[in-house]
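The values are calculated or read from the model by the stated rules, or taken from the named source; none is laboratory data. Model, not experiment: these values are computed from the prediction. Here Cβ is always computed from backbone atoms with ideal geometry, including for glycine, and neighbour counts include all displayed protein chains.
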Amino acid sequence: MRSRNASALDIVAARGPWDGAGATAARNWLAGRGLNPPPGLTRWHAEISLDHIDAPARLEFDEHKDSRFHIDIYSEEWGFYFCHEGRVSWIRITDIPFVHGRDDHSLLSQTPTLENVGGLLRSLEKKHGLTFYRQHALVRTNVVAAETMIRNWLQQL
């Protein structure tokens with residue numbers, strides 16, 4: 001079993017220009033939801049796990065058997081994780097997109113902006129014949145009263 005906090009090595013960085021820093025995208029995403037971190041909270045997060053099973057997404061999963069899509073947004077970066085058929089791609093965006101551990105699905109070159117991550121999600125669903133159930137997402141955040149806004153955003157992806 002694997003949990004969302006598994007460690008891996010950062011191995012490959014994207015080449016070419018990138019539109020903005022991950023921290024800026026994360027800050028804009030939070031503001032776009034009408035949210036602000038509480039005063040004094042310098043490090044905030046929103047961790048979203050989507051499963052293809054029509055039931056609440058679990059925290060633990062088996063990356064060798066399960067199909068999952070995660071969107072992780074932190075005050076200093078954002079990223080996404082996709083596993084399907086035993087293959088894994090984990091992309092993080094700090095100042096540039098880079099592979100965190102593995103990119104078996106070759107998603108680094110397809111890295112969208114955070115505001116367009118829904119397009120990537122829909123293309124993966126179509127390509128692999130999956131449905132990720134937004135209404136059953138596991139949402140973990142330390143931003144007060146953010147879960148409803150995050151769930152509303154997920155329904156639009």
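Some points to look at:
- Across the stretch 1-23, the number of residues qualifying as surrounded by 13 or more Cβ atoms within 10 Å (Cβ to Cβ) and either acidic (Asp, Glu) or at pLDDT 70 or above (or both) comes to 2.
- Of all residues in the stretch 124-135, those being part of a helix (DSSP H, G or I), farther than 17 Å from TRP29 by Cβ and either under 15 Å from the mean Cα position of the chain (by Cα) or of a type in the set (A, V, I, L, M, F, W, C) (or both) number 2.
- Among the residues making up the stretch 85-123, those that are part of a loop (DSSP other than H, G, I, E, B) and more than 12 Å from the chain's Cα centre (by Cα) are GLU85, GLY86, THR94, ASP95, ILE96, ASP104, HIS105, SER106, LEU107.
- The single condition among (1) closer than 20 Å to LEU30 by Cβ; (2) in a strand (DSSP E or B) that PHE82 does not satisfy is (1).
- Single residue of the stretch 102-134 satisfying the filter (charged (D, E, K, R) and touching a residue at least 60 places away in the same chain (Cβ under 8 Å)) that is surrounded by the fewest Cβ atoms within 10 Å (Cβ to Cβ): GLU115
- Of the residues making up the stretch 139-157, those that are touching a Pro at 6+ places or on another chain (Cβ under 7 Å) and surrounded by fewer than 18 Cβ atoms within 10 Å (Cβ to Cβ) number 1.
- Of HIS45, HIS64, HIS52, all but one fail to be over 26 Å from VAL144 (Cβ atoms) and in contact (Cβ under 8 Å) with a residue 40 or more places away in the chain; the exception is HIS52.
- Index of the failed condition, SER49 passing every other in (1) in a helix (DSSP H, G or I); (2) within 16 Å of the chain's Cα centre (by Cα): (1)
- Tally of residues being touching a helix residue (DSSP H, G or I) at 6+ places or on another chain (Cβ under 9 Å) and outside any loop (DSSP other than H, G, I, E, B) across the stretch 141-157: 6
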